[in-house]
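Q: The structure is given below, and queries will be raised subsequently.
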Amino acid sequence: MRLRTILVGVGGRGRWPVEVCGADERFEVVAVVDRNPQFLERAREDLSLPAGAAFDDLGAALQTVQADAVIICTPTQTHAPLSRIAFAAGKHVLVEKGMTFDWQDALALVREAEHANVRFCVAQNYRYHPTEAAITGILSDTTHPHHPGRVAIADLVHHRYRPDPRTLNYPFAMVWDMSCHHLDLLNAWLGPAERVTAVSSNPPWSHYEHDADIMAVIEYQSGVVCNYVLTHAATLSDYRLILQGARGALRAFDGPLRYYGLPSEQLGSKEAVICETQSIQVPRPRSEQGVIDDFYRFIVEGVEPGISGRNNLHTLAVCEMMVRSARERRSVDASELTL
């Protein structure tokens, strides 16, 4: 089955659906939508579409062409209204992360997609990166030689040098735009979060109107405690991920995924073993191909992926807990939210 697809937002981050869907025989791009004429013309030419297949409005495109699905890659603030336009037309939707920046709206979107009887997914592509997919594979196989055992300690620190706010000009944009990637991974590896205690800040040199950095302690129902840090106004970019368990630790930063066995002596250390990722996860040209593969399978075969709108609510729930905690200066329990 070939899915007739409309691409909405085809510049910047929106280039990936043009490139991936344009090269995937399971998808037939029938229209492109963007308010920027240059982005629109470039995408139309790249996809060899006629002039009549380029639009500056999704509603007009839906009225003009026959389509099965809509892929939305626009600023987060526009995700909900554009998704609703597609739902109303009975189209399946893949929307870029974050689904939305409002918890109640996220709940409503998932309900509305189900009522419209359409498939709804969120492009959380980090879970398809080779290293992250390898971690998923290792954690799912307790017999794997690099399985760390029951994980109890986690660290995820991502300092980003991103001085220009661009579309991240609303409160807690860093959480809804970027933490959603990290929290999606942590949920997949560690299970549901139980409690979040967070603090947000903005350094003196920041160009952001609102806080651009957030630090949190995330307690998971599984007993894992995670030290989480995200900064958009850093002066040095840095990424560190460590998962520590009863048998050893997985460490991802400054190179390939490494495994460290549990030391046999006090304050000792073990030599790192480089984890072979290719044997765990079939390599893809890019992580977004994994997103497209699961979106297609969900529509055609009914196999619900981890990136479905319903599953993504678990990720956005932690985002909401983090935002509430930082805003209200208190710990927030999962019991305060209703899925």
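Q: Restricting the search to the range 301-330, which residues are among the small types (G, A, S), in contact (Cβ under 8 Å) with a residue 12 or more places away in the chain and over 16 Å from V175 (Cβ atoms)?
A: G306, S308, G309
Q: Further, regarding this structure: Which of (1) at positive phi; (2) buried (at least 19 other Cβ atoms within 10 Å of the Cβ); (3) not aliphatic (A, V, I, L, M) is the odd one out, the single condition G149 does not satisfy?
A: Just one mismatch for G149, condition (2).
Q: For the range 95-137, name all the residues that are among the acidic types (D, E), within 18 Å of Q77 (Cβ to Cβ) and in contact (Cβ under 8 Å) with a residue 40 or more places away in the chain.
A: Listed by number, the list holds a single entry, E96.
Q: Hey, could you check the range 38-59 for residues that are free of Cβ contacts under 8 Å to residues at least 12 places away in the same chain and assigned to a helix (DSSP H, G or I) and say which is surrounded by the most Cβ atoms within 10 Å (Cβ to Cβ)? First the steps, then the outcome.
A: Taking the range 38-59 first, the residues free of Cβ contacts under 8 Å to residues at least 12 places away in the same chain are 45, 48, 50-51.
Now drop any that are not assigned to a helix (DSSP H, G or I), which leaves 45, 51.
Working: E45: 10, A51: 7.
Residue satisfying both the conditions and the ranking: E45.
Q: Could you grab me the full set of residues in the range 65-82 that are within 20 Å of V300 (Cα to Cα), outside any loop (DSSP other than H, G, I, E, B) and out of contact with any Pro (no Cβ under 6 Å at 6 or more places or on another chain)?
A: A69, V70, I72, listed by residue number.
Q: Another question, then. Kindly check whether there is at least one residue in the range 134-142 that is out of contact with any helix residue (DSSP H, G or I) (no Cβ under 8 Å at 6 or more places or on another chain), of a type in the set (V, I, T), crowded, with 18+ Cβ neighbours inside 10 Å and within 24 Å of D293 (Cβ to Cβ).
A: Within the range 134-142 (the criterion being out of contact with any helix residue (DSSP H, G or I) (no Cβ under 8 Å at 6 or more places or on another chain), of a type in the set (V, I, T), crowded, with 18+ Cβ neighbours inside 10 Å and within 24 Å of D293 (Cβ to Cβ)), the answer is yes, since at least one residue qualifies.
Q: Here's a follow-up. Residues in the range 68-84: is at least one farther than 30 Å from D102 by Cα and surrounded by fewer than 22 Cβ atoms within 10 Å (Cβ to Cβ)?
A: Looking for residues that are farther than 30 Å from D102 by Cα and surrounded by fewer than 22 Cβ atoms within 10 Å (Cβ to Cβ), one finds none in the range 68-84, hence no.
Q: Still on this structure: From the list W189, W176, pick out the single residue that is at pLDDT 95 or above, assigned by TED's automatic domain parsing to the domain that holds H232 and closer than 19 Å to T74 by Cβ. Spell out the reasoning first.
A: On the way: W189 fails: closer than 19 Å to T74 by Cβ.
Only one candidate passes the filter, namely W176.
Q: May I ask you to verify whether A193 is surrounded by fewer than 19 Cβ atoms within 10 Å (Cβ to Cβ), touching a residue at least 40 places away in the same chain (Cβ under 8 Å) and among the small types (G, A, S)?
A: no
Q: Could you list, in sequence order, the residues of the range 220-241 that are in a strand (DSSP E or B), over 18 Å from the mean Cα position of the chain (by Cα) and surrounded by fewer than 20 Cβ atoms within 10 Å (Cβ to Cβ)?
A: Those that are in a strand (DSSP E or B), over 18 Å from the mean Cα position of the chain (by Cα) and surrounded by fewer than 20 Cβ atoms within 10 Å (Cβ to Cβ): V225, N227, A234, T235, L236, S237, D238.
The values are calculated or read from the model by the stated rules, or taken from the named source; none is laboratory data. In this text, all values refer to a predicted model and were calculated from it rather than measured experimentally. Note that we place each Cβ from the backbone using ideal geometry, even for glycine, and neighbour counts take in every protein chain shown.
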